Amino acid sequence: MVIQRVDDNTIRCLVTKEDMDERGLTIDDFFEDKDKAKMFLKDIVKQAHEEIGYSSDMEHMAMQVMPLPQNGLAITLSDRVDFNIGEMIGQIRSILEETGEMIGQAESESDNIEEDEDIQEDTNKKRVFYRVYQFDRLDSVSEFCKTVSEDITVKSQLFKDEISQSYYLIIEKGRLSMKKLEMICLLAPEYGKLVAKDEAFINHCREHFKCIIKKSAVKVARKFI
C-alpha cells in the first residue's frame, strides 16, 4: 500500500489486490460489510499519519475511488469537504456499482503499464524504467503531476512538439523504487497517453522537440495551474 500526500489536506492511497488480501478485504466487503470497510479506511489514515504526518479525525472527509489495473484501487481522502465517514462508505459502494466489471477489465483497457517483461535491464543488471506520455494540453500535464506527492521527486523532463502542439512528459527510473514508479504511472492514462517505453524515443524528443522543463518536471509542472 503506497500513500502519497497530494496537498496539506489530501492524501491518495494506492491499494493493490495483495494489500487487500493481506487484510482479508475484498471488493464485496464495500457492499456487504460496512464496518470492515470503515476499519480499512481508518487504517489508511493511521498509516498516513505514521508515514507522512497526515492527521484527520475521520468524521468529516471527502473521498474519491478509482479502479486500477489488476483489481487495485486508488482512494483519495480529503478533509476539505464536509463529508462524514458513513457517506464515504456509501460513495465507495456507489462508485463500485457504477464501474461494475471495470476493475477486472482495467488491465486490458489500460495497457500503459505491463509486467516485468517491460522492465529492461542494463549491462550492470540494474533495473531501468522509461515512460513517455503525450498530453494534448499543458493543464493536463499539470493535473497528472498533482497526483504525485509533493514529497516525491521523479526524474522527469517535459518537451513540446511545436508542430502538433503536444506535450511529452518523460519519466525515468532515477532513485525511486520500481513500486513507487509503477504506482505513479498507474494514474497517467487518466490524463495522457503512453507513447513509448524505450530510450530511443526519449532521444527523439531531445533532438526534435523543445525542452520546456529540463529537470524534475513532475514537481515543477504541478504548480502550473
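Values in this text are rule-based calculations from the coordinates and carry no lab data. Because the structure is predicted, anything quoted here is derived from the model rather than measured. Here Cβ is always computed from backbone atoms with ideal geometry, including for glycine, and neighbour counts include all displayed protein chains.
Key figures for this structure:
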read-out	value
Dipole magnitude (debye, nearest 20) for the range 120-217, charges at Cβ of Lys, Arg, Asp, Glu	380 debye
Value of Rg to Rh for the range 116-221 (Rh from inverse mean 1/r over Cα pairs, i.e. Kirkwood)	0.94
Residue exposure sequence - Asp198, Asp79 - by fewest surrounding Cβ within 10 Å	Asp198, Asp79
Packing-based order for 11-19, 158-166, using average beta carbon neighbours within 10 Å, highest first	11-19, 158-166
Estimated FRET transfer efficiency (Asp7, Phe201; beta-carbon r; R0 22 Å; 0.05)	0.10
Qualifying lysines (Cα of each under 28 Å from Cα of Lys219; at least 8 residues distant if same chain)	Lys46, Lys126, Lys146, Lys155, Lys160, Lys173, Lys179, Lys180, Lys193, Lys197, Lys210
FRET E, pair Lys223, Asp35, Förster distance 30 Å, beta-carbon r, rounded to 0.05	0.15
Inter-probe distance in nm under a simple model that places probes 7 Å from Cα toward Cβ, at Asp139 and Lys193	2.1 nm
Cβ charges +1 (Lys, Arg) and -1 (Asp, Glu), total dipole of the range 127-166, debye	260 debye
